[in-house]
Structures are given as structure tokens and as C-alpha cells.
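Undergrad: Can you read through this structure? Questions will come right after.
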Amino acid sequence: SLLGRDLLIIDSVSGDGSMNPDLRETIAALMTGENSLRVTVTTQGMDEVVTFFLDGDRPVRHQLIQDVVTRLVLLPDIDAVAEDIVRMMCPVALEEPAESIRVDVIPADILRQARLLAATASAAQQMALLQRVLPVETAARLASDFGDAQARWGAVLRLSTGTGETLEANQGFFTVALADHGWLFDLASDPARADVYLLNASSVQKATRQLTIQDRGRTENALPASAKSVLS
């Protein structure tokens, strides 16, 4: 297959093989695999998972389609990663303000409970939980959206290899989107609490760029179990 597409070239005289430079760069990033972003979008129980490998000169987009076909795309830069995540997270009908707008802050443990109750709790139960830490109007909107069967849930985790070659989820954010509006919960700056933003291209791009900064803390800033549960 690689030979047929000129991705692998065999010298007819020496028998030596050489790989297409772009494919070689792509495979090198996958083999390193020390830093990546894993993006999961869940719609009515169906998951779409994409991983962006960040260790090469250019990011690599990896997607497994129907557990059979692997699709690899070599992206030009980190901005292309952010734009791709925007396309996955943001419905086309979202209003786009000039900049990302922080609405409020919510403790990670309350957010985890609300996420776990999304499919089973009534709006009143969600409201009772959320209004403990949020203004009544914001809590009511979130309770309604969390309980909507048409809601599309998204999560972005920064994965890195820590001490002992263990995989760590150090930072991340998650989203919930309806047809014309949505929310983004960013746990990158403080794993004990989430900054709440209106979901739009600006807020997703900002949160994604925070996660692609290479020198952010790893083990010392790792997400606690409660925050990881929110994002998984």
C-alpha cells in the first residue's frame, strides 16, 4: 500500500528503502508520544476521539475510524490544532463575540457531581446542586443544558509522560454544547476549580493554546481525581 502511493520507495539496485519525508515526520511524532491532546466528543452516547501528537516539528492528528482505519494528518502548526478542536466542539450556529468571556467559577467537585447526574437527575436536582456555588440565573441555565438529551459533550485532556513513563493528565477543559449556545469549563489554571466561559471559537482557542504550552507544570500540577472524572 505504501509503495503504491509512493510513500515508501525501494531502490531497485541496492534494495534499500526510503520513506516519504512527511510520513517519516508523522511516524516519529507518534513514536515519541510524550505530549499530546486527546479530544473526545460525545453525542447521544457515541464517542468521536481524536489525538493530537505535539512532539514533532509539526503536530500530528490521529483518528481511529470505526476501530479499523487509522487516519493521520500532518498539521502545519499549533494554530491548526486549535482550529480543528473548534470545529469539533462548536456548533456552527454559536454566536461569536470579539473575545472569550468568563461567566463564573465553579468548584471541580461540584462540576463533577453535576456531570455525573446529567443523564439521571431532574433539572430541579441539578439546580439545587449548582445554585450552591453559582448565581441563580447561571445555575438555572446550566441545569437545563446539562439535562438536555441533545447536548453534545466534549473533553480535551493534555497527556504527558511523567516519572516512570506513566501517562499523566495534567490539564484540561470540557464543554457542553446545544444547537445555538454552550459552555466551556477550563481546569488548566487551577485543578480545584473551573473557570466557566461561554462556548465559542475564542474560548476554545484560548483554552487549547494554554494546553499546548510545553513548559507547564506536570506532576506538581496534575489534576486531582475529581477533576479527571469530570473530563473523562
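The values are calculated or read from the model by the stated rules, or taken from the named source; none is laboratory data. Given the structure is predicted, the values throughout are model-derived calculations rather than measurements. Here the Cβ positions follow ideal geometry from the backbone for every residue, glycine too, while neighbour counts run over all protein chains shown. Accessible surface areas use protein heavy atoms only, side chains included; no ligands, DNA or RNA. Shrake-Rupley method; radii C 1.70, N 1.55, O 1.52, S 1.80 Å.
Undergrad: Run Cys90 past the list (1) farther than 30 Å from Gln126 by Cα; (2) of a type outside the set (A, V, I, L, M); (3) crowded, with 17+ Cβ neighbours inside 10 Å and report the number of the one that doesn't hold.
TA: Going through the list (1) farther than 30 Å from Gln126 by Cα; (2) of a type outside the set (A, V, I, L, M); (3) crowded, with 17+ Cβ neighbours inside 10 Å, Cys90 breaks only (1).
Undergrad: Can you name the strands (runs of 3 or more DSSP E) wholly within the range 34-94 that have at least 1 residues being small (Gly, Ala, Ser)?
TA: 35-43
Undergrad: Quick one: how many residues across the range 133-155 are open to solvent by 50 Å² or more (accessible area, probe 1.4 Å) and out of contact with any strand residue (DSSP E or B) (no Cβ under 9 Å at 6 or more places or on another chain)?
TA: 4
Undergrad: Looking only at residues that are aliphatic (A, V, I, L, M) and more than 15 Å from the chain's Cα centre (by Cα) in the range 23-62, which one is surrounded by the most Cβ atoms within 10 Å (Cβ to Cβ)?
TA: Only one residue fits best here, namely Ala29.
Undergrad: If you don't mind, there's one more thing I want to ask. Can you tell me which residue in the range 111-125 is nearest to Asp145 (Cα to Cα), limited to those that are in contact (Cβ under 8 Å) with a residue 60 or more places away in the chain and crowded, with 16+ Cβ neighbours inside 10 Å?
TA: Arg115
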